[in-house]
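Novice: Before I ask anything, let me first share the structure, which is written out below as structure tokens.
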Amino acid sequence: MFTHVVLGANDVEASRRFYDAALGALGLAASQPDGKGRYWWRTERGAFAVGKPLDGEAACHANGGTLGFHAKTPEMVQAFHDAGVAAGGRSIEDAPGPRQGPFGPLVLAYLRDPDGNKICALHRPG
């Protein structure tokens, strides 16, 4: 459905380090710069980037918004969480682990990135 998502960052290097660690735990390659001060992570399913807002205003998080990243295994969900916390993120909501959602069982971990954006890793068991 989506081709790409871009989140604003006030400290782009802190965000790059955070996402390189958290997304690296999900098996994504390190970010690549684009010449406009943004860093991109790409997969065959889409792309994600962080950078200073192009309008020059300060970045702020979307209150009520969550960006979810696919995890191939439950262990990757935990690794995403642990790597993100070690790289400057903040653990939020329940501890990483299984949940029963309206669409079946899930394994989830939620974090706030260095700018307060809410993100998660999600695995849907077989």
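Novice: In degrees between 0 and 90, to the nearest 10, how far off the longest principal axis of the chain does helix 74-86 point, with axes built from Cα atoms?
Specialist: 40 degrees
Novice: Let me ask another. Can you report the principal axis dimensions of region 35-96 using only the alpha carbons, biggest first, rounded to whole angstrom?
Specialist: 38, 28, 22
Novice: Let me check something: with ligands and nucleic acids excluded, how do Asp11, Asp113, Asp34, Asp55 order by accessible area (1.4 Å probe), largest to smallest?
Specialist: Asp55, Asp11, Asp34, Asp113
Novice: Using DSSP to call loops (not H, G, I, E or B), can you name the chymotrypsin sites (Phe, Trp or Tyr not before Pro) in region 63-126 whose Cβ has at most 14 other Cβ atoms within 10 angstrom?
Specialist: Counting only loop positions with at most 14 other Cβ atoms within 10 Å, the chymotrypsin sites (Phe, Trp or Tyr not before Pro) in region 63-126 are Phe103.
Novice: On to the next question. What is the helix-to-structure angle for 12-24, meaning the angle in degrees between its Cα long axis and the longest Cα principal axis of the chain, kept from 0 to 90 and rounded to the nearest 10?
Specialist: 30 degrees
Novice: Assuming 0.692 mPa s and 37 °C, estimate D for the chain with Stokes-Einstein, Rh taken as the Kirkwood radius over Cα pairs, in µm²/s.
Specialist: Calculated translational D: 223 µm²/s.
Novice: Could you compute the longest span of the chain free of GluC sites (Glu not before Pro) located in DSSP loops and having at most 11 other Cβ atoms within 10 Å, not counting the site residues?
Specialist: Result, exposed sites excluded: 58-126.
Novice: Pick out which of Pro53, Pro96, Pro114 has the largest mean-square fluctuation in a Gaussian network model of the chain, springs linking Cα atoms closer than 10 Å.
Specialist: Evaluated over the chain, the most mobile residue of the options is Pro53.
Novice: Can you give the accessible area per residue of the chain, in Å², using a 1.4 Å probe?
Specialist: 57 Å²
Novice: Shifting gears a bit: Which whole-number percentage describes the relative contact order of region 74-126, with Cα contacts under 8 Å and a sequence gap of 6 or more?
Specialist: Reported as a whole number, the value is 36 percent.
Novice: Determine the share of region 21-103's accessible area contributed by carbon and sulfur atoms, expressed in whole percent, with a 1.4 angstrom probe.
Specialist: Carbon with sulfur: 54 percent of the solvent-accessible area.
Novice: Here's something else I'd like to know. Using amide H atoms built 1.01 Å from N in the peptide plane, name the residues 5+ places from Val6, or on other chains, whose amide H lies under 5 Å from its own.
Specialist: Close amide H contacts, sequence-distant or interchain: Ala49.
Novice: Contour minus end-to-end for Leu28 and Asp55, with contour as 0.36 nm per residue of separation and end-to-end as the Cα-Cα distance?
Specialist: 6.9 nm
Novice: Mind checking which of Gly89, Gly97, Gly35 has the largest fluctuation in a GNM of the chain, springs on alpha carbons under 10 Å?
Specialist: Result for the chain, Cα springs under 10 Å: Gly35 fluctuates most.
Novice: Also, I was wondering about something else. For region 73-126 and region 7-71, write down the distance between their C-alpha centroids in whole Å.
Specialist: With region 73-126 and region 7-71 each reduced to a Cα centre, they are spaced 16 Å.
The values are calculated or read from the model by the stated rules, or taken from the named source; none is laboratory data. From a predicted model like this one, the values you see are computed outputs, not experimental measurements. Heads up, the Cβs are rebuilt from the backbone with ideal geometry, glycines too, and the neighbour counts pull from every protein chain shown. We work out accessible area using only protein heavy atoms, side chains counted, and drop any ligands, DNA or RNA first. Shrake-Rupley method; radii C 1.70, N 1.55, O 1.52, S 1.80 Å.
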